[in-house]
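Working notes, structure below.
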Amino acid sequence: MSTAVHPLQDIRRACRAAGRLGRDELIGIAVARGCRHYAAFVPPELVKDRTDIPHEVLGCALLAGSQDVETFRAIRVGAMILSDAGNSAHAMADAADAFGVTSRLIHIARVGAAADNRPDFWREVLAHLPATDSASETRFLPNVSRFSIESRLNGRGRGVDRVWLRTNYRR
């Protein structure tokens, strides 16, 4: 997780590095940083961290791709990475712009602001993004049930227990 705002030049350099990697390599980095739910989707030899790729850049790189099953899965991984509290909202916005995935980040942030237990974090992310989403893909993008784990096994009369998926990555 980032603790400081990254200069735009550093974000762009990291975006170029992430852009040269394949999706399996990106998911391998995410698994190395704590996305254990997705470990089965990448060969073990690809599970390695890359310190030259900040969390915010990794998350946004995973949001890129055509509207297919593999991209849908990668967006869920990216959302886990982007959900970490130490991420810089400014760096997330810059990386989303560099990868052309601003509309996807807006969707995740809107869902997070409505359903995560940390709505202030997501409101800060939204404050760094355009107010309107001109390229809405909401029918393709995952909804809250794909960004969280829900349990109804809490006893009679108790509501749904929802836990937003995050990594355990710490710096």
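The values are calculated or read from the model by the stated rules, or taken from the named source; none is laboratory data. On a predicted model such as this, the values are computed, not experimentally measured, just so you know. Don't worry about glycine lacking a Cβ; one is built from the backbone with ideal geometry, like all the others, and counts go over all protein chains shown. Calculation scope for accessible area: heavy atoms of the full protein, side chains included, ligands and nucleic acids excluded. Shrake-Rupley method; radii C 1.70, N 1.55, O 1.52, S 1.80 Å.
Any idea how many residues of the range 39-87 are over 13 Å from the mean Cα position of the chain (by Cα), among the hydroxyl-bearing types (Ser, Thr, Tyr) and closer than 19 Å to residue 104 by Cβ?
Qualifying residue count, the range 39-87: 1.
What do you reckon, is residue 47 among the hydrophobic types (A, V, I, L, M, F, W, C), open to solvent by 50 Å² or more (accessible area, probe 1.4 Å) and either touching a Gly at 6+ places or on another chain (Cβ under 6 Å) or in contact (Cβ under 8 Å) with a residue 24 or more places away in the chain (or both)? Steps first, answer last, please.
Details: among the hydrophobic types (A, V, I, L, M, F, W, C): yes; open to solvent by 50 Å² or more (accessible area, probe 1.4 Å): yes; either touching a Gly at 6+ places or on another chain (Cβ under 6 Å) or in contact (Cβ under 8 Å) with a residue 24 or more places away in the chain (or both): yes.
Yes.
I'd like to check something: does the range 99-106 contain any residue that is in contact with a Lys or Arg (Cβ under 7 Å, 6 or more places away or on another chain) and at negative phi?
Among the residues of the range 99-106, not one is in contact with a Lys or Arg (Cβ under 7 Å, 6 or more places away or on another chain) and at negative phi, which makes the answer no.
Hey, could you check the range 87-117 for residues that are at pLDDT 85 or above and part of a loop (DSSP other than H, G, I, E, B) and say which is nearest to residue 16 (Cα to Cα)? It would help to see each step written out before you state the result.
So the first thing to find is which residues in the range 87-117 are at pLDDT 85 or above, and the list is 87-113.
Of the ones still in play, those that are also part of a loop (DSSP other than H, G, I, E, B) are 87-88, 100-101.
Working: 87: 19, 88: 19, 100: 13, 101: 15 Å.
Among those that are at pLDDT 85 or above and part of a loop (DSSP other than H, G, I, E, B), it is 100.
How many residues, within the range 90-122, are out of contact with any Phe, Trp or Tyr (no Cβ under 8 Å at 6 or more places or on another chain) and either open to solvent by less than 10 Å² (accessible area, probe 1.4 Å) or free of Cβ contacts under 8 Å to residues at least 24 places away in the same chain (or both)?
The initial filter retains those residues of the range 90-122 that are out of contact with any Phe, Trp or Tyr (no Cβ under 8 Å at 6 or more places or on another chain), namely 90-107, 114, 119-122.
Then keep just the ones that are either open to solvent by less than 10 Å² (accessible area, probe 1.4 Å) or free of Cβ contacts under 8 Å to residues at least 24 places away in the same chain (or both); that gives 91-92, 95-97, 101, 105-106, 119-120, 122.
The total comes to 11.
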